[in-house]
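Here's the structure we're looking at; comments come further down.
The values are calculated or read from the model by the stated rules, or taken from the named source; none is laboratory data. This is a predicted model, so every value here is computed, not measured. Methodologically, a virtual Cβ is constructed for each residue, glycine included, from the backbone with ideal geometry; neighbour enumeration extends over all protein chains shown. Quick note on the areas: whole protein, heavy atoms, side chains included, nothing else; ligands and nucleic acids left out. Shrake-Rupley method; radii C 1.70, N 1.55, O 1.52, S 1.80 Å.
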Amino acid sequence: MTMFNPRAFKNSLSIGDELGVPFDDPEIINFLNPSEYTSAEQALQNSNIFAAVNQISADLASSTMTAKDPQVQMLLDNPSWTSNRQAFWQSMFAQLLLSGDCFAYRWRNRNGKDMRLEYLRPSQVSAFLLTDGTGLIYNLVFDEPDIANLWNVPANDLIHIRLLSQNGGMTGISPLTSLKSELSIQNSSNGLTLSALAKAITPNGILSITHGGLLDWKHKASRSQQFMKQAQDSKNGPIVLDDLETYTPLQITTDVSKLLASTDWTMTQIAKAFGIPDSYLNGQGDQQSSIVQIQGVYANSLNRYARSIASELSNKFKTEIKINVQSGIDPGNLHFAQTVTDIAKTRSMSANQTVFLLKKLHYFPDEVPDELPVPEVAPTLEQSAGGAGGNEAAVQKGDEGNGSKDPNQG
């Protein structure tokens, strides 16, 4: 049992009460760190951030997790009683990307065997360092009213995955921290765009009257209404104007489209913060890079997250856990099959090894033999002629060796 001094720290619940800010208020994080934190609720309202978080978390959840311990493997494949594998792990990894930390409590039986994992929001977890610095303990608050809150939970009972850290790996930092300025600028740009569109004057055209200088605004407004009524009544017929009036329809300019395009400049910054190519967010990307090269960069980005996840899971479950992101970035195994075929062309692998790998990828059915028998090739005409001539020569040589002669010779 972990020993600690309960008087050495204050509970974050009591701290929130002393400050007058309820702990369950989502603004508590902004209150404690107002200048650097961007809330997840606000960030997900940005379509680029939503696309990045959704795609990375979905691809990580689709990756293959393998554990040497069969019981741990069963838990990784069925982590929750209230959700499926894909939804549970995607929720975990999405929270990891948004806050830099994600938590799951290990529910175990009396024998210490893991039964299930329960996802916990960061607002449900308070982490504290022991006075002697030998470990972390946690206070947990559950949503279920029939489950009592747990205090001073040892670190071994909680899955705590972290990203980049500034305190030795105890807690992580969200990538949203680096997007504080970009999101503020984009919000201001969006407000300017909406204001410009709302206040823009978009008439159908301009009706010019030659003696317009003699008309006041009431007569101009009256003539405008008369002209619009005439246009509606004429339907598809021509509009009749006299010599003192000229109508010019307006054309759409590119000023509005340029203003709207300027709001997407943060797409590259968001992709850079999450470490993925901006082409995955429907950006321009590197026009000189091929699809295979872009997928390679994206695979390296997923591997960075996968290493943090595998390290935490291996540490808590006391067994080696590996995460293969290939199934996440290449669900149909098209690029992997192409790679196997290219390697086989260089004769670095035998035909049996190539067929074995393609059968594992389900490109070939299991009934296909590993190696096909080599068919017998029929002899050509030249080989047949050469064989006949050789037989005649052998017969003559045999006759000479036996001393046989022509009976007609004396």
Quick one: count up the residues across the stretch 293-352 that are open to solvent by 70 Å² or more (accessible area, probe 1.4 Å) and under 18 Å from Gln90 (Cβ atoms). 3
Which members of the stretch 157-168 meet the condition of being open to solvent by 20 Å² or more (accessible area, probe 1.4 Å) and either modelled with pLDDT of 95 or more or within 30 Å of Thr266 (Cβ to Cβ) (or both)? Asp157, Arg162, Leu163, Leu164, Ser165, Gln166, Asn167
For the stretch 131-149, does any single residue satisfy the condition of being of a type in the set (Val, Ile, Thr), touching a helix residue (DSSP H, G or I) at 6+ places or on another chain (Cβ under 8 Å), buried (at least 16 other Cβ atoms within 10 Å of the Cβ) and at pLDDT below 90? no
Can you name the condition, by its number, that Trp107 falls short on among (1) modelled with pLDDT of 95 or more; (2) in contact with a Phe, Trp or Tyr (Cβ under 8 Å, 6 or more places away or on another chain)? (2)
Selection status of Thr171, open to solvent by 30 Å² or more (accessible area, probe 1.4 Å), within 20 Å of Ser39 (Cβ to Cβ), in a loop (DSSP other than H, G, I, E, B) and in contact (Cβ under 8 Å) with a residue 24 or more places away in the chain: yes
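Results for (1) farther than 18 Å from Lys318 by Cα; (2) β-branched (Val, Ile, Thr), shown as yes or no for each residue.
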{"site": "Phe88", "(1), (2)": "yes, no"}
{"site": "Phe93", "(1), (2)": "yes, no"}
{"site": "Leu96", "(1), (2)": "yes, no"}
{"site": "Cys102", "(1), (2)": "yes, no"}
{"site": "Arg106", "(1), (2)": "no, no"}
{"site": "Met115", "(1), (2)": "no, no"}
{"site": "Tyr119", "(1), (2)": "yes, no"}
{"site": "Pro122", "(1), (2)": "yes, no"}
{"site": "Thr131", "(1), (2)": "yes, yes"}
Taking only the stretch 303-330 into account, find how many residues are charged (D, E, K, R) and more than 16 Å from the chain's Cα centre (by Cα). 5
For Ile56, indicate whether it is part of a helix (DSSP H, G or I) and modelled with pLDDT of 50 or more. yes
Qualifying strands (runs of 3 or more DSSP E) (wholly inside the stretch 112-164; at least 2 residues being under 30 Å from Pro70 (Cα atoms), under 26 Å from the mean Cα position of the chain (by Cα) and among the aliphatic types (A, V, I, L, M)): 114-120, 158-162
Within the stretch 261-349, helices (runs of 4 or more DSSP H) holding 3 or more residues that are at pLDDT below 90, of a type outside the set (D, E, K, R) and within 27 Å of Ala67 (Cα to Cα): 291-317, 326-329, 334-345
Restricting to the stretch 44-57, name every residue that is crowded, with 21+ Cβ neighbours inside 10 Å and of a type in the set (Gly, Ala, Ser). Ala52, Ser57
Among the candidates Ser314, Ser327, residue that is among the small types (Gly, Ala, Ser) and without any contact (Cβ under 8 Å) to a residue 12 or more places away in the chain: Ser314
